[in-house]
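In what follows, a single structure is set out as structure tokens and then discussed.
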Amino acid sequence: MQYTGSRKMGELFNFDWKAQRWNLLFLLGSVIGGFISANWLQPDVPLNLSQHTIQDLQKINIRFDGNIVPLQLFNWDFLATGKGLLMFLRGGILIGFGTRYAGGCTSGHAISGLSNLQLPSLIAVIGFFIGGLIMTHLIFPLLF
């Protein structure tokens, strides 16, 4: 079979959707589950966050409003801005690419892979941790 486009770059982009239809159902279930959780399963009490964390958020111009996610960032008005749309699109693409490239998601590697003592999962989890530190301390303050 002759591949065209991105499939020439390697096996990473060689994915047979017809044989893997369950992935679309999983995606649909994730979206529906997120909607149900956000709209009907939230507690009525505000989040109990440490004062130090609230001060750190204020330093990068994010105000704590008592919600699990700051409404300042996670709302339709922010998504409608150029900055918000770029952040959501880039984040989604990076998550999708990273999950496919790493051969699984962060929790899959951390829980299943490490419990089975798999070296690739250990390397992936170390990479996730380093990436999280870089994002938190270097990139995130630049974005806000």
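The values are calculated or read from the model by the stated rules, or taken from the named source; none is laboratory data. Note that the coordinates shown come from a computational prediction; the quantities given were computed from them, not determined experimentally. Positions of Cβ are backbone-derived with ideal geometry, glycine not excepted, and every protein chain shown enters the neighbour counts. Remember, those area values only see protein heavy atoms, side chains included, never the ligands or the DNA or RNA. Shrake-Rupley method; radii C 1.70, N 1.55, O 1.52, S 1.80 Å.
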How many residues are in contact (Cβ under 8 Å) with a residue 60 or more places away in the chain and touching a Phe, Trp or Tyr at 6+ places or on another chain (Cβ under 7 Å) when one looks only at region 100-131?
0
Taking region 7-36 and keeping residues open to solvent by less than 90 Å² (accessible area, probe 1.4 Å), assigned to a helix (DSSP H, G or I) and either of a type outside the set (A, V, I, L, M, F, W, C) or at pLDDT below 90 (or both) leaves Arg7, Leu12, Phe13, Asn23, Gly29, Ser30, Gly33, Gly34
Which residues, taken from region 37-49, are part of a helix (DSSP H, G or I), open to solvent by less than 70 Å² (accessible area, probe 1.4 Å) and modelled with pLDDT of 85 or more?
Ser37
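Give, as residue ranges, the helices (runs of 4 or more DSSP H) completely inside region 50-144 that count at least 3 residues that are surrounded by 12 or more Cβ atoms within 10 Å (Cβ to Cβ) and of a type in the set (Gly, Ala, Ser). Explain how you work it out, then say what you get.
On the way: elements: 51-59, 76-79, 82-102, 119-134, 140-143.
Answer list for region 50-144: 82-102, 119-134.
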Residue tally, condition at pLDDT 85 or above and touching a Leu at 6+ places or on another chain (Cβ under 8 Å), over region 84-112:
4
